[in-house]
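Structure first, commentary second.
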Amino acid sequence: MRIIAGRFRGLTLASVGKGDRGAHLRPTSDRVREALFSMLESRGAVAGARVLDLFAGTGALGLEALSRGAEQAAFVDDGRVAQDLIRRNISLTGTEDRTRLIRRDATRLPPCPDAPYGLVFLDPPYGKGLGQRALDVSRAGGWIAAGALILWEESAPMPPLVGFELLDARRYGDTHVTLMQAVTV
């Protein structure tokens, strides 16, 4: 697994091998990550963004965003294996001053202590209903800015939730990607 483009292009990140089923780590492939960022960059969503990476796993999505010009990234994951991988990958990229690791369950975030985030990556363990709970809690806690883009990876297509507008939906093998935008309700 490597950074695809931008400042850290070609940098190899700490590996989880084929994934860690016990820790629910399932890294997004380079091919899918490239497609996701193509979709986001065509909307001007990455440069200067504050990124919230929920169920961050290895941190590859948030770090890819930083490589492509995002301003800051916060990584949320409660798994010890994931937290170690995120710390190692932050160190590899030298982005300690622009990142924050939040050691919490993404479905149990406290209120946001600072400005809300305009780009949210959501890659929960597949098929457990955790994505919707994490979005509900994040929105209620002030983590998600009005107009924020949400990129949700799941094993099935995700319908837009109340307060979110569906912008795009695509399938890459067994991964369904849904792009939504937060709207006022």
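Going through (1) out of contact with any Asp or Glu (no Cβ under 9 Å at 6 or more places or on another chain); (2) part of a strand (DSSP E or B); (3) surrounded by 14 or more Cβ atoms within 10 Å (Cβ to Cβ) one by one, residue 171 falls short only on (3). The set of residues from the stretch 21-55 being at pLDDT below 90 and assigned to a loop (DSSP other than H, G, I, E, B) comprises 21, 22, 23, 24, 26, 27, 28, 29. Screening residue 137 with (1) touching a His at 6+ places or on another chain (Cβ under 6 Å); (2) not in a loop (DSSP other than H, G, I, E, B) gives one miss only, at (1). Cβ-Cβ contacts under 8 Å between residues 6 or more apart (or on different chains), taken from a first residue in the stretch 130-149 that is of a type in the set (Lys, Arg) to a second residue that is crowded, with 19+ Cβ neighbours inside 10 Å, are listed as 133/107; 139/182. Looking at 131, 147, just one residue is over 21 Å from residue 11 (Cβ atoms) and touching a Phe, Trp or Tyr at 6+ places or on another chain (Cβ under 8 Å), and that residue is 131. Exactly one residue out of 58, 107 is at pLDDT below 95, within 19 Å of residue 131 (Cα to Cα) and in a loop (DSSP other than H, G, I, E, B), and it is 58.
Filter the stretch 75-86 down to the residues that are β-branched (Val, Ile, Thr) and within 14 Å of the chain's Cα centre (by Cα), then identify the one that is farthest from residue 143 (Cα to Cα).
Restricting to residues being β-branched (Val, Ile, Thr) and within 14 Å of the chain's Cα centre (by Cα), the top hit is 86.
Taking the criterion of being outside any loop (DSSP other than H, G, I, E, B), in contact with a helix residue (DSSP H, G or I) (Cβ under 8 Å, 6 or more places away or on another chain) and either charged (D, E, K, R) or more than 16 Å from residue 28 (Cα to Cα) (or both), the only residue of the stretch 110-131 that qualifies is 119.
Taken over the stretch 87-125, residues that are under 12 Å from the mean Cα position of the chain (by Cα) and without any contact (Cβ under 8 Å) to a residue 60 or more places away in the chain amount to 1. Applying the condition of being part of a helix (DSSP H, G or I) and in contact with a strand residue (DSSP E or B) (Cβ under 6 Å, 6 or more places away or on another chain) to the stretch 83-103 and asking which residue is surrounded by the fewest Cβ atoms within 10 Å (Cβ to Cβ) yields 98. Scanning the stretch 40-67 for residues that are within 13 Å of residue 4 (Cβ to Cβ) and either among the polar types (S, T, N, Q) or more than 14 Å from the chain's Cα centre (by Cα) (or both) gives 41, 67. Under the condition of being surrounded by 24 or more Cβ atoms within 10 Å (Cβ to Cβ) and either without any contact (Cβ under 8 Å) to a residue 24 or more places away in the chain or among the aromatic types (Phe, Trp, Tyr) (or both), the residues counted in the stretch 43-82 number 2. Of the set (1) free of Cβ contacts under 8 Å to residues at least 40 places away in the same chain; (2) touching a Phe, Trp or Tyr at 6+ places or on another chain (Cβ under 7 Å); (3) crowded, with 22+ Cβ neighbours inside 10 Å, all apply to residue 152 but (2). Against the conditions (1) over 25 Å from residue 115 (Cα atoms); (2) among the basic types (Lys, Arg); (3) modelled with pLDDT of 90 or more, residue 18 satisfies every one except (3).
The values are calculated or read from the model by the stated rules, or taken from the named source; none is laboratory data. Computed from a prediction, not measured in an experiment: that's the story for all the values here. So basically every Cβ, Gly included, is an ideal-geometry build from the backbone, and we count neighbours across all protein chains shown.
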